[in-house]
Every structure is written in structure tokens, then in C-alpha cells.
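Structure first, then comments.
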Amino acid sequence: MPRVVVIGAAGTAQRRLLSETVASLVGQGFSVEGRPEEGDWRELFSSLRTGGLFSEKRLLVVEEAARLGPFPSELLPFVEGEEASSALVLVCEGDLRRTPGKALVERAWLVRGESVPPWGSRRVAWVREAAREAGVDLDGAAASLLAEWIDDVEEIRAQLPKLALAAEGGRVGTPIVEALCIDEGGKSLLLLLDGICRGRVADVLGGLTVLSREPSSLPVVTALHNRLRLALYQALLPPREAKAILGALKAKDYASRLAAEAARLYGAEALKGAVAGLIALNAAEKMGRGRGWNGLCLLLLELLASPRRGPRP
């Protein structure tokens, strides 16, 4: 009778964990003999009880184990350990205590997806650790950029091998991440957001030139509002209160740092006007009365022309 392997993960992590698990079992001498899409628990166990035609160590993979329902208690005595000559790999999502069930999970080899922090310094630390494991010396700013710009952790993992090749053993900074890991639209938006935070007119106009090819300015208005409101909170409030609000908003470290530059550069009054203007642009666009890209460009130029509280970086 089989040993049972339960993969508990969601999204793209399922594919990686399944591939790694099957490779590990094949390395132990198992042969993949099927990926059944139909049947039930009893049929699977009956199939694995029968010896294989070409291999004594047989492996079946069920990629949507939830359709099998809860594991029948009467089959529990037939679940073996690592010495079993057959294996059943179950890919599950959600509460494993229900499907396949707590009793089976306690006897199975459990492979869980990582619990990666969704934001903040802990997420950046995870990115840096994943990079180290992949042989990439990623600096803090580059890790923050990756952590903010790419939500899917499996996509972050997929970016690391090309960063390792590009760095050739050296340290990876933000220029390499921007060049290799962010698409053209994303690069232009990042150029605009960071440019406005640092008061760099050329970067702002360069980003707008590319982004304005799109018919609607609303996504860019939203992104600017999200960044500049962080700056406004930091300009208005003492550090402790501002940190608490940014934490409640789940602001990413990279965005918070750039917003802090904008807070020092423009001050509260200029940022109030910019944030209010972005809200007005958003509402007008949704009502069909907006000025589109021209209105956004004028608003940003007014902010850039406002009195500075500090030197341009």
C-alpha cells in the first residue's frame, strides 16, 4: 500500500512544489505511472495495490485532490511510511483538516507552501534570503524594489537566476532589477513615481511620455495618489504616528522611503494640494469630465515648481 504525500499550497507555488516533490520521489526510484483525473479514494488505493508492469515503485499524482473529498477512515490502516513501494501525491489547497482530512495529513509526508509576509521589512528580508539561496547578492534597495513590484513570490523566485547571471558574482542593485525584472510600462511608472518623489523633472516627463500612450490616465493617477498620500502623512505627522498609519496601510518599505524623500522635499502644503488634485482628477475622469493626461501633467508640473524645503537629490 502507498505512502501519501500531501502538497498544501496555492497559486503558482503548487507547480514548483509538485515538480520538486515528484523529482525527489523519482530520485528515490519511483516511476510516475499516472495522473488520474477521475476516480475515488478506493480506486486509487486499489490501483496502487497492484504491481506495476515496468516498475516496482509506482507513483500516482492527483493534482486536484479536493474533488476526492474527505479521506475514508477505513483506508487509514493501509497508509504506509517511507518504506512503501508505491506513493500517492495529492495537491491540495485550503483547509487540509477537511480535505483530505486531519487523520491522513498526520500520517502523510506534508509539503507546505511558504508563508511569505505580504509587505514590510519581513517581506524584504524573505526576498534577500531567497536571493542568497539562489546565489544572488541583492542589496537592500533592490530587494525592496522586487518585494514591492512583484506580488507573486514564485515570480520573484523566477527572476533570481537571470539576476545571478547579470551580476556575474557581483552585487545586484536597483539598476539591474529595473532593467531585467520590470516591463517597459512598469519601468516608466516607476520612473514617474520615483522622479516625482525626488523632484527630477526629466524622469517625470520621461515616464509620462511613455505612459500617456495609454488611453486612460486613471491607473497612473491612482498610483501617484497611493505614493503621495504616504508622503503627505509623513509631512504632516510626527514620525511615530506616521509610521503607525503607514503600517496600517501596509505600505511597502521602498514606497515609504521614497515618499519620505518627497515629504522632505515638498512639505505638507504642496503635498496637500497635489493629493487633493489627484482625487479631483480621479473623480472628474470617472464622470467623463476630466482633462486626461494634460490635466495630470499640469498638476505634476505645479508640484515640481512648488517651493522646495530641501535640495534636489
Inset, instruction - Compute the FRET efficiency between Leu110 and Ala244 as 1/(1 + (r/R0)^6), taking r as their Cβ-Cβ distance and R0 = 45 Å, and round to the nearest 0.05. - result: 0.75
Inset, instruction - Distance between Cα centroids, the range 220-243 to the range 14-93: provide it in whole Å. - result: 52 Å
Inset, instruction - Return the lysines within reach of Lys162: Cα separation strictly under 30 angstrom, same-chain partners fewer than 8 residues apart disregarded; answer none if there are no such residues. - result: Lys187, Lys250, Lys252
Legend entry - Cα-based shape type of the range 5-111, given that a ≥ b ≥ c are square roots of the gyration tensor eigenvalues and the cut on a/c is 1.5: oblate
Legend entry - Kirkwood Rh and Cα Rg combined as Rg over Rh, evaluated for the chain: 1.14
Inset, instruction - For the range 78-124, report the translational diffusion coefficient in µm²/s to the nearest whole number, using Stokes-Einstein at 25 °C, 0.890 mPa s, and a Kirkwood Rh over Cα pairs. - result: 187 µm²/s
Legend entry - Sequence-distant residues sharing a close amide H with Asp137 (under 5 Å, placed H): Val172
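Using the beta-carbon distance between Val26 and Asp139 and R0 = 45 Å, what value does 1/(1 + (r/R0)^6) give for FRET efficiency, to the nearest 0.05?
Numbers: r = 38 Å, r/R0 = 0.84.
Once the sixth-power term is evaluated, E becomes 0.75.
Quick one: pull the percentage of alpha-carbon pairs in the range 182-313 with a separation above 23 Å. Let's see the in-between values first.
On the way: 2454 of 8646 pairs.
Looking at the range 182-313, the distances longer than 23 Å represent 28 percent of pairs.
What whole-number value in cubic angstrom gives the convex hull volume per residue for the C-alpha atoms of the range 129-251?
Values: hull volume 15.9 nm³, N = 123.
Value for the range 129-251: 129 Å³ per residue.
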Inset, instruction - Provide Thr99, Thr209 ordered by accessible surface of protein heavy atoms (probe 1.4 Å), highest first. - result: Thr209, Thr99
Legend entry - Contour excess over end-to-end distance, with Cα ends at Leu298 and Glu184 and 0.36 nm allotted per residue: 38.7 nm
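The values are calculated or read from the model by the stated rules, or taken from the named source; none is laboratory data. Since the model is a prediction, treat every value here as computed from it, not as a measurement. Here Cβ is always computed from backbone atoms with ideal geometry, including for glycine, and neighbour counts include all displayed protein chains. Please note that ligands, DNA and RNA were not included when accessible areas were found on the heavy atoms of the full protein model with its side chains. Shrake-Rupley method; radii C 1.70, N 1.55, O 1.52, S 1.80 Å.
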